[in-house]
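Bear in mind that the values in this text are calculations on the coordinates, not laboratory data. Here the structure is a predicted model, which means the values were calculated and not measured. No Cβ is skipped: glycine too gets one built from the backbone with ideal geometry, and neighbour counts run over all protein chains shown.
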Amino acid sequence: MSYEVDRIKEIDCPCGKGKIQQIFESNDWNQSRETIKILCLECKEKYEIESEYFCPKPKHDYTIYYCKSKKDGSKIKLNL
């Protein structure tokens, strides 16, 4: 069986001219995956997506996503 798209979330990219897309998928074996794409050509050249996973107790896990500059390593927090 293949993965099926459950939902898609889009936010504005850092330059405001395009979008960043988060895609949630799952399959029949209860497996899931998440993909994040920069759809703006200008931001795609400048940034890459970086994530940090946190799991403070008791079980309140979450992930913070950033656009990380390819030039100087500075980060912009994304509201995903």
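Values for this structure:
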item: Total lysine pairs under 22 Å (Cα atoms) in region 35-80, excluding pairs fewer than 8 apart on one chain; result: 17
item: Longest DSSP-loop-exposure-free segment, trypsin sites (Lys or Arg not before Pro), the chain, at most 14 other Cβ within 10 Å; result: 18-58
item: Computed helical MRE - 222 nm, the chain, DSSP H runs ≥ 4 contributing -39500 (n - 2.57), nearest 500; result: -1500 deg cm²/dmol
item: Amide H contacts under 5 Å for residue 13, placed H, 5+ residues apart; result: 18, 19, 20
item: Estimated Rh, the chain: Kirkwood, alpha-carbon pairs, angstrom; result: 14.0
item: Three-way shape label, region 1-46, alpha-carbon gyration tensor, a/c 1.5; result: prolate
